[in-house]
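Before any comments, here is the structure.
The values are calculated or read from the model by the stated rules, or taken from the named source; none is laboratory data. Quick caveat: nothing in here was measured; it's all calculated off a predicted structure. FYI the Cβ positions are ideal-geometry reconstructions off the backbone, even for glycines, and counts take in every protein chain you see.
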Amino acid sequence: MIENLNNRERTHSCGALRKENVGQRVTLMGWCARRRDFGPLTFIDLRDRDGITQIVVNQENAPQAAAKAKEVRGEYVIAAIGEVVLRDETARNPKLATGDVEVQATEIVILNDARTLPFQLDASDESLAAEDLRLKYRYLDLRRPQLQANLRLRHRMILEINRYMDEQGFTQIETPNLIKSTPEGARDYIVPSRVQPGKFFALPQSPQIFKQICMIAGLDKYYQIARCFRDEDLRADRQPEFSQLDVEMSFATPDQIYQLVEGLFARIFRLRDIELQTPFPRFTFAEVMRRFGSDKPDMRIDGMELQDLSATLAETIFAPYASVLSAGGEIKGIVVSDGASMSRKTLDELQEFAKRYGAAALAWIKLGDEFSSSLLKVLGHDTVVDLAGTAGAQKGDAVLIVAGKSQVVAASLGALRNEVARREKLVPENVFAPLWVTDFPMFEFHEDDGRYSSMHHPFTSPLDEDVPLFERAVNGETDLFSEIRAKAYDAVINGVEVAGGSIRIHRRDVQSLVFKALGMTEEMARARFGFFLEALAYGTPPHGGIASGIERTLMVLVPTENIRDVMAFPKTASAQDLMIDAPGEVDAEQLEELHLKIAEHKPHEPFNEEIFRRLVDEALADLPLIVLDQNSSHEEKEIAVLERLLEKVTRHCGILEGFEFENLTDHPRKIQVVQQIVGIVDFDSVHVHPYSVFFKKQPIIKEYLDKALGK
Ligand code: ASP
């Protein structure tokens, strides 16, 4: 039986009680994590966000409480009132913070019951229920202590950020979410305007333009924990909406930004008692790409740097390598120390792995007791020995080799470096290795459309010494675009990009030049960024900034590989919220108000009787108000109710392109609507899902009308 809370109050949380509390009378409240029934004794593990306390109820001393305790099931919400007692020496649980004591309850109050859970909360990591199921019941999943701890860490991190930024003289300024496109390289989420037909807002991919305008406005030091929205292909460390610490500073030099961020990260990591070494070592983009094949190298991995083998093979007649070299490509390798013991199977798997990054093949040399290599036949023994020597391999090592365009070689060997380290357990735990990567290329070339785009974003300043190159590139020497470097920097910790930013362009003429370089005509630039170009003309201070992903940073700090572990209500890899079932459809009226039409026939479950009945049920649950209106005629009500069902049916399959209603104009409206419903379902079955099973719609519609109109 469920009771009221009345004026009962908690005296302690479920994680609080210790030996010192023995003898006290306490009231705990929480969820039943586990109940064990031993006849005269019933044990309940009572859980709240702080921990677990063992409650014991003794039938002899407290018969009423014992009876209640036997009613309690998993996840019931209860209050336990009683005395704290010391557990027997043998019954103590060192794994629980409260494990020395238990509460001998004299009163149990059932505050709420709970259905049987769709999955187990205390399963070990390996036996956790499928993530989709847990996301659907996110409120249950969030009861797991690990997720609760992560959210509390997140809270403390945000607090620490706010404190630190305030100490450093920054002002928190909120910028709007309904804006115009900000280019960060992803697709925008757009929001249609009702009052301005045919116009749309974009949700910010970042507050970039606004924070720069804050600098023009003289606000000097801006920060914000900003929500960003990016419609892009999701990966393990991405979400369509996420938070970032967004920072901008007037008269900023890169050094000032580095110091600010290093100080901040040092503070944040101290929350987990980790001392980050500052200043972070700095590497240029060119250097990390050459040495580690990645712009976010994992510096915990000792060595395994990319070794250039091109010179050793300059004279090769082995066709695949010769053609790579003559096309300006390169041949590089990494040395896996003690890798000679890698099995054929492992090498095959690594080969497949490398191919995912574009490598044509992965060649290998093993310096085991026997010298072996996939290249022996084609290059000959001496050359392969040379290669191993150039790579710096020792007896017992292996060399993994990729040939191709430099980007492909870097991408595949860079990824292999991480993969091999992971497999061979070469990544030390509890080590945190930060670095700055600086001087990123200003532009990146897209082979698919033969165009350049900004590597960071179009507001990033070129390096001063590269401005002459930039001018030449804009004036026709387009090959030079790939050589221009930007005042852009990333902070990386353990192979994760935790922050990225740049010194901005503060001159209108240079900004126009960048837009031009990106292929925007003056009109296009004015249409998209006219307001910004204009603002730049009113005394813009030199400025720069950075943004740091809150979730990414937490992933390093926790640590976890899953971004959904560090946010309360994440979306799936297909950008859905399974709990609230979003994105969802909107009413026809809403679409009309927004001047929108769904143009395409939607993919959906084929119509069958069950689906049709489901739509009928939905319509019944959502009847038009007219059915209650005493002044409306029966016929008017019938028509409105049928139209509601028509709406559900159309919405289920979208607007049917190519679907023509029979000429029904001579029929009464009621018949017209029924014919339309039947027509759409039949059309859909025949044209879209030809294997649908025929079923009779008319009797179901009649049943529906009867129910709707209360017969
Ligand atoms: N707006 C950039 C981003 O969101 C960060 C910056 O340049 O400050 O990645």
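Looking at (1) more than 24 Å from the chain's Cα centre (by Cα); (2) small (Gly, Ala, Ser); (3) within 20 Å of residue 488 (Cβ to Cβ), which is the only condition residue 421 fails? Of (1) more than 24 Å from the chain's Cα centre (by Cα); (2) small (Gly, Ala, Ser); (3) within 20 Å of residue 488 (Cβ to Cβ), only one is false for residue 421: (3). The set of residues in region 200-236 that are of a type in the set (Asp, Glu) and within 14 Å of the ligand (Cβ to nearest atom) contains only 232. For region 648-686, filtered to residues that are surrounded by fewer than 18 Cβ atoms within 10 Å (Cβ to Cβ) and of a type in the set (Asp, Glu), the residue that is modelled with the lowest pLDDT is 657. Candidates are the residues of region 237-279 that are in a helix (DSSP H, G or I) and among the aromatic types (Phe, Trp, Tyr); the one that is farthest from the ligand (Cβ to nearest atom) is 269.
Here residue 161 fulfils each of the conditions (1) within 16 Å of the ligand (Cβ to nearest atom); (2) more than 30 Å from residue 48 (Cβ to Cβ); (3) modelled with pLDDT of 95 or more apart from (2). Only one of the numbered conditions (1) surrounded by fewer than 16 Cβ atoms within 10 Å (Cβ to Cβ); (2) more than 19 Å from residue 294 (Cα to Cα) is violated by residue 457, and that is (1). Against the criterion of being touching a strand residue (DSSP E or B) at 6+ places or on another chain (Cβ under 7 Å) and away from the ligand (no atom under 16 Å from the Cβ), residue 307 qualifies.
Residue-wise test of (1) among the acidic types (Asp, Glu); (2) part of a loop (DSSP other than H, G, I, E, B); (3) free of Cβ contacts under 8 Å to residues at least 40 places away in the same chain.
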{"position": "143", "(1), (2), (3)": "no, yes, no"}
{"position": "148", "(1), (2), (3)": "no, no, no"}
{"position": "151", "(1), (2), (3)": "no, no, no"}
{"position": "154", "(1), (2), (3)": "no, no, no"}
{"position": "158", "(1), (2), (3)": "no, no, no"}
{"position": "169", "(1), (2), (3)": "no, yes, no"}
{"position": "174", "(1), (2), (3)": "yes, yes, no"}
{"position": "183", "(1), (2), (3)": "no, yes, no"}
{"position": "198", "(1), (2), (3)": "no, yes, no"}
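Taking the numbered list (1) free of Cβ contacts under 8 Å to residues at least 60 places away in the same chain; (2) surrounded by fewer than 20 Cβ atoms within 10 Å (Cβ to Cβ); (3) within 16 Å of the ligand (Cβ to nearest atom) in turn, residue 475 passes all entries but (3).
Quick one: is residue 632 outside any helix (DSSP H, G or I), small (Gly, Ala, Ser) and more than 33 Å from the chain's Cα centre (by Cα)? Against the criterion (outside any helix (DSSP H, G or I), small (Gly, Ala, Ser) and more than 33 Å from the chain's Cα centre (by Cα)), residue 632 qualifies.
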